[in-house]
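The values are calculated or read from the model by the stated rules, or taken from the named source; none is laboratory data. Predicted model, so just to flag it, every value in this text is computed and none were measured. So basically every Cβ, Gly included, is an ideal-geometry build from the backbone, and we count neighbours across all protein chains shown.
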Amino acid sequence: MSSVTSALRECHRLRVHLRNLQAEIDRGPRVLQDHTDELETARQAHKDHYDTITKLKLKQREDEGTLKQTEVRLAKLEEQLTSISVQKEYVAKQHEIEMARTKKGETEDVILATIMELEEKTGAIPTVEETWKQAQADFKQFQVEAAERLEGMKADQEERGVDLARHETTLPPDVKSTHDNIVKAKGPDSFAASKARVCQACRTSMTEAQFIALRNGTFRTCATCGRMQYPVE
């Protein structure tokens, strides 16, 4: 492969590599935001767990207060029942007592359910803490690795940019002029490999003579897509 077509091939490879590097660098802030969102989700879950415990304790106190009031009222109703002599009033008072007993039982059930849930939430605290601790550690590790990766990509970007410039300077002036115009319009898509006389970008065929000339170093662009071509086996 001649120096011209070799240079074009390397320019293609390097420009594609540089484009991919830049795309990866540009993707960094979005990836960071994704990890930040995950950390925030973990933080909120940690906070919600403790908020739930606080609310359960408050609910338990309120329900225990309600239970105490119901017990006091029930005792008063039962005491009043002993002094009633009128049958109709007696039946009505019994109904009040039954309703108070029902409310007492329901409140006791609610308190028991709250206590069980509170015990469950309290028992899960070590796991919740470990999960939150791990989420923070993972985020910190991501930050370190992301910074190292970004540094590496920028260094690679700089080195490949130097390589690209070096290969471009080897192009003859007439080829360089055409090259610059096409690259300005198409960027990394300015090049196309040609295999078995077929442009690998647009699948247009060339004559055998044209392919031989390309292999011998003749500079050419695809008649269909306008890309600068280089031969590959």
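Please verify whether R19 is within 19 Å of E168 (Cα to Cα) and not assigned by TED's automatic domain parsing to the domain that holds R215, treating the condition exactly as stated.
On the way: within 19 Å of E168 (Cα to Cα): yes; not assigned by TED's automatic domain parsing to the domain that holds R215: yes.
Taking the combined requirement at face value, the residue satisfies it.
Mind checking which residues of region 45-65 are aliphatic (A, V, I, L, M), closer than 18 Å to T127 by Cα and buried (at least 16 other Cβ atoms within 10 Å of the Cβ)?
Our first condition is that a residue be aliphatic (A, V, I, L, M); within region 45-65, this holds for 45, 53, 56, 58.
Checking which are closer than 18 Å to T127 by Cα leaves us with 45, 53.
Listed by number, the list holds a single entry, I53.
Pick from T131, T170: which is in contact (Cβ under 8 Å) with a residue 40 or more places away in the chain, within 34 Å of the chain's Cα centre (by Cα) and either assigned to a helix (DSSP H, G or I) or surrounded by 11 or more Cβ atoms within 10 Å (Cβ to Cβ) (or both)?
Details: T170 fails: within 34 Å of the chain's Cα centre (by Cα).
After ruling out the rest, the residue left standing is T131.
Any residue in region 90-98 that is assigned by TED's automatic domain parsing to the domain that holds T54 and touching a Ser or Thr at 6+ places or on another chain (Cβ under 6 Å)?
There is no residue in region 90-98 that is assigned by TED's automatic domain parsing to the domain that holds T54 and touching a Ser or Thr at 6+ places or on another chain (Cβ under 6 Å).
Please find, among T122, T224, the residue that is of a type in the set (S, T, N, Q) and in contact with a helix residue (DSSP H, G or I) (Cβ under 9 Å, 6 or more places away or on another chain). It would help to see each step written out before you state the result.
Working: T224 fails: in contact with a helix residue (DSSP H, G or I) (Cβ under 9 Å, 6 or more places away or on another chain).
On inspection, the qualifying residue turns out to be T122.
Any residue in region 80-99 that is without any contact (Cβ under 8 Å) to a residue 24 or more places away in the chain and surrounded by 13 or more Cβ atoms within 10 Å (Cβ to Cβ) sitting within a Cβ distance under 8 Å of a residue that is among the acidic types (D, E) and not in a loop (DSSP other than H, G, I, E, B)? List the pairs, counting only those 6 or more apart or interchain.
Close Cβ pairs (under 8 Å, with a partner that is among the acidic types (D, E) and not in a loop (DSSP other than H, G, I, E, B)) amount to I97/E78.
Being in contact (Cβ under 8 Å) with a residue 40 or more places away in the chain, over 30 Å from L112 (Cβ atoms) and small (G, A, S) narrows it down to one residue among A23, A42; which is it? Please lay out each step first, then the result.
Numbers: A23 fails: in contact (Cβ under 8 Å) with a residue 40 or more places away in the chain.
Just a single option satisfies the conditions, and that option is A42.
Would you mind finding the one in K76, K59 that is free of Cβ contacts under 8 Å to residues at least 40 places away in the same chain and not β-branched (V, I, T)?
Details: K59 fails: free of Cβ contacts under 8 Å to residues at least 40 places away in the same chain.
None of the other options fit; the residue is K76.
Between A209, A196, A201, which is free of Cβ contacts under 8 Å to residues at least 60 places away in the same chain, of a type in the set (G, A, S) and within 17 Å of R13 (Cα to Cα)? Walk me through how you get there before you give the answer.
Numbers: A209 fails: within 17 Å of R13 (Cα to Cα); A196 fails: within 17 Å of R13 (Cα to Cα).
One residue alone meets the criteria, A201.
Could you check how many residues of region 206-223 are touching a strand residue (DSSP E or B) at 6+ places or on another chain (Cβ under 8 Å) and surrounded by fewer than 14 Cβ atoms within 10 Å (Cβ to Cβ)?
Going through region 206-223, the residues touching a strand residue (DSSP E or B) at 6+ places or on another chain (Cβ under 8 Å) turn out to be 206, 211, 214-215, 219-222.
From what's left, surrounded by fewer than 14 Cβ atoms within 10 Å (Cβ to Cβ): none.
Within region 206-223, residues that are touching a strand residue (DSSP E or B) at 6+ places or on another chain (Cβ under 8 Å) and surrounded by fewer than 14 Cβ atoms within 10 Å (Cβ to Cβ) number 0.
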